[in-house]
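S.K.: Sharing a structure here in structure tokens format.
The values are calculated or read from the model by the stated rules, or taken from the named source; none is laboratory data. Being a predicted model, the structure only gives us computed values, none of them experimental. No Cβ is skipped: glycine too gets one built from the backbone with ideal geometry, and neighbour counts run over all protein chains shown.
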Amino acid sequence: MEIQKMIDDAKTFLRNAGFGEITSQGDAARAVVAGRTSEATAIFQLSLGNDAKAPVHVQQGAREPRPADVKSVPAFAGMASLAADPTGAKMLAELSKQVAAVKPSQK
Amino acid sequence: MSTTSRYIGVWGPFNGQFVESNTAHSGDIPFKETSSGGGVMLTVDRPNAEVAVDLGKQIATDATVGAVSKALIASGASLTSDIRVQGVPWISVPYFWQNAVAHNISDMLARIDFDFIIHTPWYCSDATGTISVYVLLFLDSHGHLQGHVDGAWWERHGGDPFCTGPIDSGLDAAIPGVKAKVKPILDNALKAASVIKSKRMYFLPGNGRKTPGTSIGDGTTDLTLALIPA
């Protein structure tokens, strides 16, 4: 797949999923489809319109494991609608595949 | 009263100001949720049986604000905002890439966050920032609502040039305490709803009102959890 098409697909994916327009354009979109972790995180934040909150410095606290007895979690409606659309479902599957392929060292 | 609620926000209904439009129905309607316009518009058919929990109201109580303010003052910081509650897709949680498969890609978590300021000596700029705690709300195998503190994140601006190290160390040290304090607050906020055996749960931006007509809300400051009893 040509890189430009991957960028366009990623941008369309994010827009259709309700994340808004990508504000940082090509570089960050390219990071999403390439699975580059820190840049990919940045784009999701930027695409949510959080530019004004972009930190000078960020650091995370510890995260906890998911509880065992989870039957149902509220779904992000934009994502659910996207999954119902054949084109969107294909893109969602591709993104899920990329996410699942992220190696521990990249996390 | 069954109601169709339509939420329209430029950045999506859960991320900034939105316009809310409620239409009441004389008869009952089944639950349905659709997103359209590239995620700009969310339409939810809300049945009679819906039980709505305004998480902002339940969590950001005077007691919570007081406790947070007190804890910050004890740490040399001050609270500079309201306590906000927002729906956040898992994919846009800051620590998503640390373990992307920890949740389903379509899952939505709730973020509880607030701003702070730390005054510093004259040779450093004051530091401001935000502490966010992400919680996973879910129905267990018995259909009961549960709340789980999933993780936490902080952001800092300023404190340069000499004070950033101690400030960051202090924030790192404070995070476990913040998470520990959030859990009982969360349990208390969900207490009434958790006894209901439910078959479905979903989020609504804002305070979950059903009053017919149009109003303005803010998806970054308030979030409602809705349940449909089994």
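S.K.: Taking the criterion of being part of a helix (DSSP H, G or I), over 18 Å from the mean Cα position of the chain (by Cα) and more than 23 Å from residue B:111 (Cα to Cα), would at least one residue in the range B:13-28 satisfy it?
M.R.: No, there is no match, as no residue in the range B:13-28 is part of a helix (DSSP H, G or I), over 18 Å from the mean Cα position of the chain (by Cα) and more than 23 Å from residue B:111 (Cα to Cα).
S.K.: In addition: For residue B:137, only one of the following conditions fails: (1) at pLDDT below 85; (2) aliphatic (A, V, I, L, M); (3) buried (at least 20 other Cβ atoms within 10 Å of the Cβ). What is its number?
M.R.: (1)
S.K.: Same structure again: Within 30 Å of residue B:35 (Cα to Cα), of a type in the set (A, V, I, L, M, F, W, C) and modelled with pLDDT of 90 or more - does that describe any residue in the range B:167-185?
M.R.: Checked the range B:167-185: no residue is within 30 Å of residue B:35 (Cα to Cα), of a type in the set (A, V, I, L, M, F, W, C) and modelled with pLDDT of 90 or more.
S.K.: Name the residues in the range B:118-134 that are over 21 Å from the mean Cα position of the chain (by Cα) and either at pLDDT 95 or above or β-branched (Val, Ile, Thr) (or both), would you?
M.R.: B:118, B:120
S.K.: Read through the list (1) within 12 Å of another protein chain (Cβ to nearest Cβ); (2) under 22 Å from residue B:184 (Cβ atoms); (3) of a type in the set (Gly, Ala, Ser); (4) not in a strand (DSSP E or B), then give the number of the only condition that residue B:66 fails.
M.R.: Every listed condition holds for residue B:66 apart from (1).
S.K.: Would you mention how many residues in the range B:66-88 are within 30 Å of residue B:226 (Cα to Cα) and either without any contact (Cβ under 8 Å) to a residue 40 or more places away in the chain or of a type in the set (Gly, Ala, Ser) (or both)?
M.R.: Count: 7.
S.K.: Same structure again: The conditions are (1) surrounded by 22 or more Cβ atoms within 10 Å (Cβ to Cβ); (2) modelled with pLDDT of 90 or more, and residue B:154 fails exactly one of them. Which is it?
M.R.: (2)
S.K.: Let me ask another. Within the range B:121-133, restricting attention to residues that are part of a strand (DSSP E or B) and out of contact with any helix residue (DSSP H, G or I) (no Cβ under 9 Å at 6 or more places or on another chain), which residue is surrounded by the fewest Cβ atoms within 10 Å (Cβ to Cβ)?
M.R.: If we take residues in the range B:121-133 being part of a strand (DSSP E or B) and out of contact with any helix residue (DSSP H, G or I) (no Cβ under 9 Å at 6 or more places or on another chain), then B:128 is surrounded by the fewest Cβ atoms within 10 Å (Cβ to Cβ).
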